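Each reported figure results from applying straightforward, stated rules to the coordinates on display, with no laboratory input. Everything numeric in this text was worked out from a predicted model, so none of it was measured. Glycine gets a Cβ as well: all are built from the backbone with ideal geometry, and neighbour counts include every protein chain shown.
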Amino acid sequence: MNMGLNRASGIAALAAGGIWDLVIIGGGATGLGTALDAAARGYRTLLLEGHDFAKGTSSRATKLVHGGVRYLAQGNIPLVRHALHERGRLLANAPQVTRRQGFVVPCYRWWDMAFYGAGLFAYDLLAGKLGLGRSRLLSRTEVMRRLPTVKTKGLVGGIHYYDGQFDDSRLAITIAASAADHGATLLNYVRVTGLLKEDGRIAGVTARDMETGTEYSIQAKAVVNAAGIFMDDIRHMDRPDLAEGLSLSQGIHIVLDPGFLASDDAILIPKTADGRVLFVLPWLGRTVIGTTDTPIETASLEPRAQEAEIQFLLDHAAEYLTRAPTRSDVLSIFTGIRPLVKVKGASGTSAVPRDHVLMVSDSGLVTITGGKWTTYREMAEQTVDAAAKVAGFTPTSSPTRDLRLHGWAPRDGIDSSDPLAAYGADAPRVRAVLAEQPGWDAPMHQDLPYALGEAAYAARYLMARTVEDVLSRRTRALLLNAEAAVAAVPAVAQVLAAELGRDQAWVEAQVAEFTALAGVYKA
């Protein structure tokens, strides 16, 4: 059993002092991946996250491990090839939280069959030996059989292809546990407040424990800025005069009951009114539709969907589905912000490339930004290479290409109908926790696929500190059904309070805070 994800032991390691090889700022996909890569190479690694792991963008993705069909249409062949290869590695290294997903592109014009078919066959070729299965053309009848709720008027056929799907925040905590397995120290709710310098070079960070208020001065041979949408905040600690480096864009998703899709296959809508690709996906027993691409001015931990974005998704879904969704059908709305690197001359954020950018400042601050979940491992590898050079370490190669993540279990041994499947090899230990107390094996709520005792497991072994941590990221209750998640809060808060040694005032505050938060996700 992994015992590394333990906040008390992490704080003790922080208080003990000493010099860290790498300090990583940010506990999203890239930061966690960097911690795993660094620890797996043998570096003394510390990761600090000011909120919870994957609190921001990394828990609000479209849930796809993909090469990016849209990027292929834009001609960004290197990005697609790299992403497809990383897709194959991720599905092999974390089968408990990833899976192969079939997609259908319904076509209403014959030339669309040829155009999109050719593109998807090229997609397969770029994947090479790491492909998930060959694309093929479908007759009108085959499309109707695979997609029973798709509109049939004018339908001429379609294309079937494969991509990957995953649970983003579950993958994040799996990577965190993997990093801990390799000796990394990871702490949530510890916020970096400044950078330490010696002779003009980065020498560490200052940080504050957000639970206790304790301040720390932490020495490091290299510091990595993986703060995602807040990366400029860290860069300005190094150089206040730097221009903003990001163009921010938000994308929203709406969650509906499974009957709107009624299929194991997803739908790819290849071109919307604003030129985007849109997905209608089966995910964790729900139908997810997304996403949008709306430029925004400022970053926020809880971005709100705009009314026009919600209507955009509802309107486009109605064009393809026989049952047109309405606002009253929406179970939850979640919104993520993309940290896109500014590009001169780009006409809107949809035209900004999704490639990642790695920068090293004159003082030695290593900043990684941009990219996508699918390529997190490759980004982490390059980031550790850069940090090792800054620190003057002897070059070593990354061992993560074929590194099985914590809880790995053979794919053919994973029962996808098991509600604990995402825990992989840890599932028996989760069941042992569920058996500890009467009622812990019962659902948190009748409309949620999670047991109440999972809150206790999350607190003990997955560093959950709040009700939000449990209901938004250790489970996906808030995203699956916001109303049901609110109804589950009182019981979950009581379980957490017992695990964390909190009093009734804490319970009441947690209920109030989560209820207010859920308002952002409600239709």
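Give the calculated FRET efficiency between residue 217 and residue 498 to the nearest 0.05, with a Förster radius of 35 Å applied to their Cβ-Cβ distance.
Rounded to the nearest 0.05, the efficiency is 0.50.
I'd like the antiparallel share, as a percent to the nearest 5, of DSSP beta bridges with both residues in the chain.
75
Multiplying the sequence separation of residue 92 and residue 437 by 0.36 nm and subtracting their Cα-Cα distance, what value in nm do you get?
Once the chain is fully extended between residue 92 and residue 437, it gains 120.6 nm.
Could you tell me which of 13, 240, 369 has its Cα farthest along the dipole of the chain towards the positive end, charges placed at Cβ (Lys, Arg +1; Asp, Glu -1), taken about the Cα centre?
369
What shape does the stretch 115-172 take by its C-alpha gyration tensor, where a ≥ b ≥ c are the square roots of the eigenvalues and a/c under 1.5 counts as rounded, a/b above b/c as prolate, and the rest as oblate?
oblate
Note down the magnitude of the dipole of the stretch 411-518 about its Cα centre, charges +1 on Lys and Arg C-beta and -1 on Asp and Glu C-beta and zero elsewhere, to the nearest 20 debye.
Around 240 debye, computed over the stretch 411-518.
If amide hydrogens are placed 1.01 Å from N in the peptide plane, which non-local residues have theirs closer than 5 Å to the one on residue 408?
Here 425 satisfy the definition.
Hey, what angle do you get for helix 29-40 against the long axis of the chain, alpha-carbon based, 0 to 90 degrees rounded to 10?
50
Pop a pseudo-label 7 angstrom from the Cα along the beta-carbon direction at both residue 505 and residue 152 and give the gap in nm to one decimal.
Label at residue 505, label at residue 152, 6.4 nm between them.
Apply the Karplus parameterisation 6.51 cos²θ - 1.76 cosθ + 1.60, with θ equal to phi minus 60°, to every residue of the stretch 306-313 and state each ³J(HN,Hα) to the nearest whole Hz, in sequence, with x for glycine and proline.
7, 4, 5, 5, 4, 5, 4, 5
May I ask for the Rg/Rh ratio of the stretch 411-518, computed from Cα atoms with Rh as the Kirkwood radius, given to two decimals?
0.96
Using per-residue counts of other Cβ atoms within 10 Å, averaged over each peptide, order 278-291, 226-239 from highest down.
278-291, 226-239
In the stretch 49-120, which trypsin sites (Lys or Arg not before Pro) fall in coil by DSSP and have 13 or fewer other Cβ atoms within 10 Å?
In loop regions of the stretch 49-120 (DSSP not H, G, I, E or B), the sparsely surrounded trypsin sites (Lys or Arg not before Pro) are 109.
Any chance you could list the semi-axes, whole Å, largest first, of the equivalent ellipsoid that the Cα gyration tensor gives for the chain, using √(5λ)?
Values for the chain, descending: 36, 28, 22 Å.
For the stretch 1-129, count all C-alpha to C-alpha pairs, find those more than 17 Å apart, and express that count as a whole percent of the total.
71
Any idea how far the Cα center of the stretch 423-454 sits from the one of the stretch 490-516, in Å?
If you average the Cα positions of each part, the centres end up 18 Å apart.
At R0 = 25 Å, how high is the FRET efficiency between residue 483 and residue 301 if r is their beta carbon distance? Nearest 0.05 is fine.
It comes to 0.70.
Using amide H atoms built 1.01 Å from N in the peptide plane, name the residues 5+ places from residue 204, or on other chains, whose amide H lies under 5 Å from its own.
196, 220
Grab the DSSP H runs of the chain that are 4 residues or longer, score each as -39,500 (n - 2.57), total them, divide by all residues and round the 222 nm result to the nearest 500 deg cm²/dmol.
Helix contribution divided over all residues of the chain: -10500 deg cm²/dmol.
Just grab the label-to-label distance for residue 359 and residue 73, each label 7 Å out from Cα along the Cβ direction, in nm (one decimal).
3.1
Which entries in 151/271; 197/221; 63/342; 55/372; 63/372; 221/389 show an alpha-carbon gap greater than 19 Å?
Too far apart for the 19 Å limit: 63/342.
Quick one: which residues, 5 or more positions from residue 286 or on another chain, have an amide H under 5 Å from its amide H? H modelled 1.01 Å from N in the peptide plane, none for Pro or chain starts.
none
Let me know the charge dipole size of the chain about its Cα centre in debye, to the nearest 20, where only the beta-carbon of Lys, Arg (+1) and Asp, Glu (-1) is charged.
1520
List the residues of the stretch 198-228 whose backbone N lies under 20 Å from a point placed 7 Å from the Cα of residue 239 along the Cα-to-Cβ direction.
198-205, 222-228
Contact order normalised by length for the chain, with contacts defined as Cα pairs under 8 Å and 6 or more residues apart; what percent is it?
19
With charges set only on the Cβ (+1 for Lys and Arg, -1 for Asp and Glu), what does the dipole of the stretch 144-294 come to about its Cα centre, in debye to the nearest 20?
640
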